[in-house]
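To keep things clear, I will list the structure first and then write my remarks on it.
The values are calculated or read from the model by the stated rules, or taken from the named source; none is laboratory data. Predicted model, so just to flag it, every value in this text is computed and none were measured. In this analysis, Cβ positions are derived from the backbone assuming ideal geometry, glycine residues included, and neighbour counts consider all displayed protein chains. Side chains included, ligands, DNA and RNA excluded: accessible areas come from the protein's heavy atoms. Shrake-Rupley method; radii C 1.70, N 1.55, O 1.52, S 1.80 Å.
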Amino acid sequence: MVRWLPRLVGLLLMASALALALSRAPDRSVQSLVARWAPPPSQFIDLHGQLVHLRDEGPRDDAMPLVLVHGTSASLHTWEGWSAALRQQRRVITFDLPGFGLTGPFSGRYAQWHYSGDELARFVLELLDELKVQGFALGGNSLGGEVAWRVASLAPQRVRALVLVDAAGYELRSESVPIGFRIANVPGINRAFEWWLPRGLLEASVREVYGDPSRVTPALVDRYFEITLREGNRRALVQRFQAQAADLQSVAANVERIRALKVPTLLIWGARDRLIPPTLGKRFETDIAGSRLIVLDGLGHVPQEEDPAASVAPVKAFLSARAETR
């Protein structure tokens, strides 16, 4: 047995090297991703040197456009089901945040920004200025939910209604964190993300945030995997987690800002969300006067993606009620 040990170790090392080589995933240019992931109605606009991937659908005369902001490592595609359900009656604007999707890392005038919650919120306001959208309803999931309430805090006169979907903002008490997020938070190891990404690791991360992992299809994993490879996105993800750590040092200030919100607010939560559990949805409901929480059975952290029909139904009713009171 002892004589075979060196050979066994050698075989294990060779197998490990082969696995690493096969898992090597170099950056992809945005041009190589456009044909599959940015067909019409996608468009790209130049915002002060930052190329932004967005979709602007529905009637342009809508007095209260709905702006939707995705979460960490997601993209505007997470809202496709909602957009399809709403765009006949409402103007729906979705886009990829800097550092994610096909928008990619901060560049141009924003090259020195650091992906903090308030920086992302100010970016959203500048994008809407460019689109000449002044008053709007604003929705967001996870990180996008945090960006949404920060926008409402920074520009309360512009936000007519809020829809927070499994939103961030309080100190996290996660029951489970996707393995990809955990690795991206480990100093040193996270640098490997810039050239290494097993598709299986990403699939496991997506399955972790679904209430019913059987809903995660190969096509869905393809989308997350290929868009994550957009050049610069993985480095930006590490920088985003560093900025998030700084944001969480100001939890008390965040709570005061949330409590100061006066905008009509609908809260939607997946009952099986283990990343930002429904208990934090209840806290938002307590802290935002007049808000209403709807918990959706069987769904996880991204209910708008996992079951668009069930999650958009209360949004339709909420926005219709807001339109009637204007």
- line: Helix 199-209: inclination vs the chain longest Cα principal axis, degrees, rounded to 10, gives 40 degrees
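What percentage of the solvent-accessible surface of the chain, computed with a 1.4 Å probe over protein heavy atoms, is contributed by carbon and sulfur atoms? Spell out each step's value before the answer.
Numbers: 8050 of 14430 Å².
Whole-percent figure for carbon plus sulfur exposure: 56.
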query: Relative contact order for segment 272-314 using alpha-carbon pairs under 8 Å, separation at least 6, rounded to a whole percent?
result: 38 percent
- prompt: Using a basic spin-label model with each label point 7 Å from the Cα along Cα→Cβ, how many nm lie between residue 316 and residue 212?
  reply: 2.0 nm
field: Degrees between helix 117-130 axis and first principal axis of the chain (Cα, 0 to 90, nearest 10)
entry: 60 degrees
statement: With label points set 7 Å from each Cα along the Cα-to-Cβ direction at residue 297 and residue 173, the distance between them in nm comes to 2.5 nm
- prompt: Hey, which lysines would be in cross-link range of residue 282, C-alpha to C-alpha under 28 Å, not counting anything within fewer than 8 residues on its own chain?
  reply: 262, 316
- request: Would you mind checking which residues have amide H under 5 Å from residue 139's amide H? H placed 1.01 Å from N; only 5 or more apart, or other chain.
  value: 67, 68, 69, 163
statement: Sorted by chain and then number, the residues having a modelled amide H within less than 5 Å of the amide H of residue 268, at least 5 places away or on another chain, are 164, 165, 166, 294
message: I need the shape label for the chain. Rule: rounded when a/c is under 1.5, else prolate if a/b > b/c, else oblate, with a, b, c from the alpha carbon gyration tensor.
response: prolate
query: Which angle from 0 to 90°, rounded to the nearest 10, does the C-alpha axis of helix 5-22 make with the longest principal axis of the chain?
result: 30 degrees
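On full extension of the chain, what length is gained from residue 29 through residue 157, given 0.36 nm per residue of separation minus the C-alpha to C-alpha distance?
On the way: separation 128, 0.36 × 128 = 46.08 nm, distance 3.88 nm.
Full extension from residue 29 to residue 157 adds 42.2 nm.
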message: If I model a spin label at residue 189 and residue 219 as a point 7 Å from the Cα along the Cα→Cβ vector, what separation in nanometres do I get?
response: 3.5 nm
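Where both residues lie in the chain, what percent of DSSP beta bridges are antiparallel, nearest 5?
On the way: 11 of 35 bridges.
Restricted to the chain, the bridges split so that about 30 percent are antiparallel.
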